[in-house]
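The values are calculated or read from the model by the stated rules, or taken from the named source; none is laboratory data. Because the structure is a prediction, the values reported are computed rather than measured. Virtual Cβ from ideal backbone geometry, glycine too; neighbours counted across all protein chains shown. Just the protein is used for accessible areas: all its heavy atoms, side chains included, with ligands, DNA and RNA removed. Shrake-Rupley method; radii C 1.70, N 1.55, O 1.52, S 1.80 Å.
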Amino acid sequence: RWFSGIGRDGDGDGLAKRTSDTDLLYSVADHFTHFGPSEEDFAIGAWQYYHNTRAVQRVRQFSALYAHFGRLELFEHAFPLPIGTNYSYRGTWGTSRSWGGFRIHEGTDIFANYGINVRSTCYGIVEIKGWNPYGGWRLGIRDLNNNYHYYAHLSGYEKNLRVGSIVKPGQLVGFVGSSG
């Protein structure tokens, strides 16, 4: 019942318990074995499990990150500007904005000189890159905790950065600007 009919006993105690990591892992692994060995088969199995396109996307992104770095300990973080950079900060989260219609500011701006390097704060996958009328040249990175890191008002990007690129903390992703 707890597993909607897919529960399996992975630790050999005769019960499929939702509090047992071994039973959970075994149940999910058993579910995926019915779909085949390819990455596309895995995506189909994930869809059948979650019935949610974004969940499948996240699982595939996280899998790519772990495969790329070859380890699970991906907890480091970095400040978005290099050490020693002269910058200022003002907490503007939630303040009203009127350009483009009434809305609230859903970010925290860090002000630095034009062209200063902007670095990834996390291990993640580039989900979006391009122009947005509110944020200008912007970049969105999804981290392993499913947090979305939004870099806005850039003057440009690191030349090899693409949607789908894997990044790590401290890696150059763009440059400070005033777009948007």
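Specify the residue that is farthest from the chain's Cα centre (by Cα); the eligible residues are those in the stretch 158-180 that are of a type in the set (Val, Ile, Thr), surrounded by 17 or more Cβ atoms within 10 Å (Cβ to Cβ) and under 17 Å from residue 137 (Cβ atoms). Within the stretch 158-180, the match that is farthest from the chain's Cα centre (by Cα) is 176. Counting just the residues of the stretch 138-157 that are of a type in the set (Ser, Thr, Tyr) and open to solvent by less than 60 Å² (accessible area, probe 1.4 Å), which one comes out farthest from residue 61 (Cα to Cα)? Selected residue: 155.
Scanning the stretch 86-109 for residues that are β-branched (Val, Ile, Thr) and either assigned to a loop (DSSP other than H, G, I, E, B) or in contact (Cβ under 8 Å) with a residue 24 or more places away in the chain (or both) returns 92, 95, 108.
The single condition among (1) in contact (Cβ under 8 Å) with a residue 60 or more places away in the chain; (2) in contact with a strand residue (DSSP E or B) (Cβ under 7 Å, 6 or more places away or on another chain); (3) not in a loop (DSSP other than H, G, I, E, B); (4) not β-branched (Val, Ile, Thr) that residue 62 does not meet is (2).
Here residue 24 passes the criteria (1) touching a Gly at 6+ places or on another chain (Cβ under 8 Å); (2) loosely packed, with under 13 Cβ neighbours inside 10 Å except the one numbered (2). Are any of the residues in the stretch 117-124 touching a strand residue (DSSP E or B) at 6+ places or on another chain (Cβ under 6 Å), open to solvent by 70 Å² or more (accessible area, probe 1.4 Å) and more than 20 Å from residue 164 (Cα to Cα)? There is no residue in the stretch 117-124 that is touching a strand residue (DSSP E or B) at 6+ places or on another chain (Cβ under 6 Å), open to solvent by 70 Å² or more (accessible area, probe 1.4 Å) and more than 20 Å from residue 164 (Cα to Cα). Filtered by the rule that a residue be farther than 13 Å from residue 127 by Cβ and exposed (fewer than 13 other Cβ atoms within 10 Å of the Cβ), the stretch 49-65 gives 51, 52, 53. Return yes or no: is residue 80 assigned to a loop (DSSP other than H, G, I, E, B), surrounded by 16 or more Cβ atoms within 10 Å (Cβ to Cβ) and not small (Gly, Ala, Ser)? Considered against the rule, which asks whether it is assigned to a loop (DSSP other than H, G, I, E, B), surrounded by 16 or more Cβ atoms within 10 Å (Cβ to Cβ) and not small (Gly, Ala, Ser), residue 80 comes out as yes. For the stretch 125-137, the set of residues classified as open to solvent by less than 30 Å² (accessible area, probe 1.4 Å), assigned to a strand (DSSP E or B) and over 25 Å from residue 70 (Cβ atoms) consists of 130, 136, listed by residue number.
A single member of 44, 6 is surrounded by fewer than 15 Cβ atoms within 10 Å (Cβ to Cβ) and not aromatic (Phe, Trp, Tyr), and it is 6.
All of 162, 142, 71, 138 fail the test of being in contact with a Leu (Cβ under 8 Å, 6 or more places away or on another chain) and under 27 Å from residue 55 (Cα atoms), apart from 138.
In this entry, residue 109 passes the filter for residues that are over 30 Å from residue 39 (Cβ atoms) and among the charged types (D, E, K, R).
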